[in-house]
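Note sheet for the following structure.
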Amino acid sequence: MLQLRRRRLWIALSTVLLAAVFFVCLQPGLGFPAPDGLDKVEHLAAYVLLALWFTGLVARGRYWAVAVGLMALGLLIEVLQWRMNLGRSAEGLDMLANTLGVGIGIAIALLATGGWAPRLESWLGWK
């Protein structure tokens, strides 16, 4: 992690975020309704946002760990959906959308938003 003044807060928020992702992805009927094929856009957008969140908390040299971690998260969720028989489908195209989302999020972080958390702390005047 970067030098963060409120490290415990960021860890707690990240934990809540990941718990919410698991909850939404593993509950039958809790997904966002989308016409055929558009659920891939949801996957892509979710993983862009997750990548932006986590690249705000780590140094650029650790973006690879964010990418690997998020791709592992996506794979784990797909396997759990398949194995738990929740009435939700596990699809290879979902993983592709997740991976593309991670890549786009990392690219945006490299170009503009990476390391946003310490800047936000400074802007808020957190000591």
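The values are calculated or read from the model by the stated rules, or taken from the named source; none is laboratory data. Just so it is clear, the model here is predicted, and its values are computed rather than measured. Counting neighbours? That spans all protein chains shown, and the Cβs are built from the backbone with ideal geometry, glycine included. Remember, those area values only see protein heavy atoms, side chains included, never the ligands or the DNA or RNA. Shrake-Rupley method; radii C 1.70, N 1.55, O 1.52, S 1.80 Å.
Shown are S122, S14, whose ranking by accessible area with a 1.4 Å probe and every protein chain present, most to least, is S122, S14.
Which order do you get for K40, K127 if you rank them by accessible area with a 1.4 Å probe, largest at the top?
On the way: K40 40, K127 195 Å².
Putting K40, K127 in descending order of accessible area: K127, K40.
Angle of helix 63-84 to the longest C-alpha principal axis of the chain, folded into 0 to 90 degrees and rounded to 10: 30°. The long axis of helix 7-26 is offset from the longest Cα principal axis of the chain by roughly 10 degrees. Rounded to the nearest 10 degrees, the inclination of helix 92-108 to the longest alpha-carbon principal axis of the chain is 20 degrees. The candidates I77, I11, arranged from most to least accessible area with a 1.4 Å probe in the full protein assembly, appear as I11, I77. Computed from the Kirkwood radius of its Cα pairs, the Stokes-Einstein diffusion coefficient for segment 68-127 at 10 °C and 1.306 mPa s stands at 116 µm²/s. Between E42 and L76, the simple spin-label model (points 7 angstrom out along Cα→Cβ) gives 2.1 nm. Here the Kirkwood formula, the inverse mean of 1/r across different C-alpha pairs, assigns the chain a hydrodynamic radius of 15.4 Å. Seen from V21, the other residues with C-beta closer than 13 Å to its C-beta sum to a net charge of -2, counting Lys and Arg as +1 and Asp and Glu as -1.
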